[in-house]
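Before any comments, here is the structure.
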Amino acid sequence: MIAETCQLTVSVRITPGDQAEEIITLLRERIEHEIVPTMISAIPGKSNVGITIENIIATPGLYSPADNAFCGLLCRVMDRQIDRGAPYATDGGQFQQIGINSYICGPGLLEQAHQPNESISVSNFVSGQEKLEQVIYEWCVGT
């Protein structure tokens, strides 16, 4: 038995340097030239076989430059170095397109972020607040 319809939800993380439009175009071409013909040949007599791509939400990748004073301040206050990009989407890529560099920084554990029953310990919340205050003070008031 073959289902009348099927729905698939896909999430693709765009990395800095990649263009979402190019990836979507390549996907459409492969669907049209490789996947749909295979589907049609597997279901003889069906004229309404096809794939529709809809509800595309494309967010540009974020590349946070590591060679500026603000990044240095964040690294020092957070006591860590930038060693990789983030494996998730943020609004930072959109800000960067208009000339605003963004850095992802916050309290808690990344493994717990945006998960069912998401939570943060009180100690991580308090230390996050203290670090935020330190960044604001040093950037805005300090020498």
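Below, the figures for the structure above:
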| quantity | calculated |
| --- | --- |
| Count of the range 4-57 residues which are small (Gly, Ala, Ser) and under 27 Å from Tyr88 (Cβ atoms) | 3 |
| Subset of the range 117-143 [in contact (Cβ under 8 Å) with a residue 12 or more places away in the chain and over 23 Å from Asp67 (Cα atoms)] | Ile120, Ser121, Asn124, Phe125, Ser127, Gly128, Gln129 |
| Residue that is modelled with the lowest pLDDT, among those in the range 39-58 that are surrounded by fewer than 10 Cβ atoms within 10 Å (Cβ to Cβ) and not hydrophobic (A, V, I, L, M, F, W, C) | Ser47 |
| In the range 1-30, the residues that are of a type in the set (A, V, I, L, M) and either loosely packed, with under 11 Cβ neighbours inside 10 Å or more than 30 Å from Gln97 (Cα to Cα) (or both) | Met1, Ile2, Ala3, Leu8, Val10, Leu26 |
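The values are calculated or read from the model by the stated rules, or taken from the named source; none is laboratory data. Everything quoted here is computed from the prediction, not taken from an experiment. Cβ atoms come from the backbone with ideal geometry, glycine included; neighbour counts cover every protein chain shown.
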